[in-house]
Structures are given as structure tokens and as C-alpha cells.
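Written out below as C-alpha cells is the structure these notes cover.
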Amino acid sequence: MLMTDDVTVTSPDVPAQKSTREIYLPPARKKITGGGTPHIVAKEFSIYYGEFEAVKKVSADILSKYVTAIIGPSGCGKSTFLRSINRMNDLIPNSHTTGSIFFDGADIYGRYTDEVLLRKKVGMVFQKPNPFPKSIFDNIAYGPRLHGVNDKKTLADIVERSLKKAALWSEVCDRLDKNALGLSGGQQQRLCVARTLAVEPEVLLLDEPTSALDPKATAKIEDLIQELRGSYTIMIVTHNMQQASRVSDYTMFFYEGMLVEHASTAQLFTNPRDSMTEDYITGRFS
Ligand SMILES: Nc1ncnc2c1ncn2[C@@H]1O[C@H](COP(=O)(O)OP(=O)(O)OP(=O)(O)O)[C@@H](O)[C@H]1O
């Protein structure tokens, strides 16, 4: 049976094994004020590549200012679903959607949706850090300039504020004119978060943001997610279930394009409703 509180001791000298419940028990988190309303709402939402239905009739409410993790085996549609929220899939020829998905009540795939504005409000950070081959300053100022901000002092303020929010300011404030490609992988990823924050998004989509990072850099990104939680609606795709349980309030489990279970992270990892979720989180398949 899943999640027993039993502790197995194999010999007097061997420390007790942790039960699955202990391993996945979410840590205490700061209380969120003013969040919890549906920010992104999917209704019978499907995404196709040609004839292939990669995401199947998903209905879900993603709550504002909380962190939602998306987990599931490789190829189950996690990234496809995430990318649909700021219409990154539009760039893939032959892809189309059915059903609906709303952001702040507006149909993301509606005829009048301005994709540039949508991507400003719904920022994305990818698996591999992808800074522009420009100075640290110009990386962060890029988005605001694109949206018409040219005043030097305003840009300098935005750069400082964004780097501070991304917990990178103290490490780079004396070399803002240096090429961002000279930063470490972990610093580059926080720079990418800062670049996204610079245009004041409401939602952050993180697609396996730590899979290319070492454990120390991973811990910094996880700490950063906790800092940003409560100010932004955050969705994170991760293969690492311990990471999902550490950083998220809610978890969605996908399997073969279907949303099998969507619940509070504590419930999903300690008392899943669906036997498939149980099998996945206990490692019976991957
Ligand atoms: N551009 C594409 N063209 C055709 N099929 C695609 C395309 N991108 C993804 N797919 C298919 O859609 C399905 C879902 O892929 P997706 O990348 O969303 O899964 P995932 O759960 O994020 O996988 P992983 O964990 O391996 O990144 C897979 O079967 C994949 O092969």
C-alpha cells in the first residue's frame, strides 16, 4: 500500500529508510495573500500535431499566485500543454487546438488575442539557459525596449529591479556591461528569469528549468521560485518528483496526453485518487 508511515530498519547500524510520505512531504511555505482565483482555465482543451492528439481534452483551473507542477512520463504532453499557454505551439507548422483555454478570462486562442501582449503577460523560461549574446544589461533591457521603453534611467531601474527579483543582482551588479554568455549555467538561468520578469508578466512558465543545472544551481532556482511564489502564477514542468513536491502547491499528473489527476501537491503525493498516479509516483513506471 502506498505511503505507509512504517519505518523499515534493516540492521541496527543502518539508518531507518524514509517512507515515501516523508520523501515527498512538502515543506512549510509562506502564506499567499490575494491569490487562489482561476488565472488560466482550460476547457476540453486539446492540442494536435497533424492528426496526433498530444494533449487530450484537458479541463483544469490554474490558480493565481500559486505554483503548479506538471509531472508525467516522457512524451505525455507536459511541454506541449505548457507551451500552449503563451501560444509557443503556433510556431510549429501543422499544430492546432480544439476546446478552449483562457487567461484572465480571455480566450488565448481567440481571434482578437494579441500574441505579443500575451507573451509579455505569460513569460517562459526554457530547459537550457538561452541568454542573448549581448551584455547582461542589454539582455534584461531587451524586452522593455521592444515594448517602447527607451529612457536610460527607467531602463537602469528595470534592470536592477529584475536582477534583484531573480536573486542575481549582487553577483553581477559590477559587470552589467559584460557578455551574459560569460556567466555560469545557473547564473544564466537566473538571468533568463530576470529577462522574463523585466516586462512585468503575471505568469511564469518554467519548462524543466533546472534539468541542465548542477544541484547547487538547482537549489538556487528552487529558492527563487519560492521567492516569486505569491507574486506570480508559476507553472513548472519537471521530471523530478521531489522537486515538484518541494516547490509546488498543486500538481497535475499527465499520462498519454490526458490529465489524470490535478490536486494539491500534498494530496497528490500522499493520497492520490488515481491508481495510475500512485503507480507513477511510486516508480512502478517512468
Ligand atoms: N513538433 C512536434 N511535432 C510532432 N509531434 C510532436 C512535436 N512535439 C511533440 N510532439 C509529440 O507530442 C507528444 C507530447 O510531447 P511533449 O514534448 O509535450 O511531451 P513531454 O511530456 O513534455 O515529454 P518530455 O518529458 O520527454 O519532454 C509526444 O508524443 C511527442 O513526440
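Please treat every number below as a calculation from the coordinates, not as lab data. Values in this document were obtained by computation on a predicted structure and should not be read as measured data. All Cβ positions, glycine included, derive from the backbone under ideal geometry; neighbour counts span all protein chains shown.
State whether the residues of region 202-217 include one that is within 12 Å of the chain's Cα centre (by Cα), away from the ligand (no atom under 16 Å from the Cβ) and either surrounded by fewer than 24 Cβ atoms within 10 Å (Cβ to Cβ) or without any contact (Cβ under 8 Å) to a residue 60 or more places away in the chain (or both). Taking every residue of region 202-217 in turn, at least one turns out to be within 12 Å of the chain's Cα centre (by Cα), away from the ligand (no atom under 16 Å from the Cβ) and either surrounded by fewer than 24 Cβ atoms within 10 Å (Cβ to Cβ) or without any contact (Cβ under 8 Å) to a residue 60 or more places away in the chain (or both).
Scanning region 48-87 for residues that are of a type outside the set (Gly, Ala, Ser) and away from the ligand (no atom under 11 Å from the Cβ) yields LYS57, VAL58, ASP61, ILE62, LEU63, LYS65, TYR66, VAL67, THR68, ILE85, ASN86, ARG87. Any residue that is touching a Ser or Thr at 6+ places or on another chain (Cβ under 8 Å), surrounded by fewer than 17 Cβ atoms within 10 Å (Cβ to Cβ), touching a residue at least 24 places away in the same chain (Cβ under 8 Å) and not aromatic (Phe, Trp, Tyr) - is there at least one of those in region 77-85? No.
Hey, which of the helices (runs of 4 or more DSSP H) in region 134-181, taking only ones fully inside, have at least 2 residues that are small (Gly, Ala, Ser)?
Here the list reads 136-146, 152-165.
Residue pairs whose Cβ atoms lie under 6 Å apart, separated by 6 or more positions or on different chains, with the first residue in region 48-63 and more than 27 Å from ILE234 (Cβ to Cβ) and the second surrounded by fewer than 16 Cβ atoms within 10 Å (Cβ to Cβ) and among the polar types (S, T, N, Q), are GLY50/ASN94.
Examine region 31-47 for a residue that is surrounded by fewer than 16 Cβ atoms within 10 Å (Cβ to Cβ) and within 10 Å of the ligand (Cβ to nearest atom), and state whether such a residue exists. No; the residues of region 31-47 include none that is surrounded by fewer than 16 Cβ atoms within 10 Å (Cβ to Cβ) and within 10 Å of the ligand (Cβ to nearest atom).
Look at (1) more than 20 Å from LEU82 (Cα to Cα); (2) in a strand (DSSP E or B) and you find that GLU261 fails only one, number (1). Evaluated against (1) over 27 Å from ARG161 (Cα atoms); (2) assigned to a strand (DSSP E or B); (3) hydroxyl-bearing (Ser, Thr, Tyr), THR68 falls short on exactly one condition, (1).
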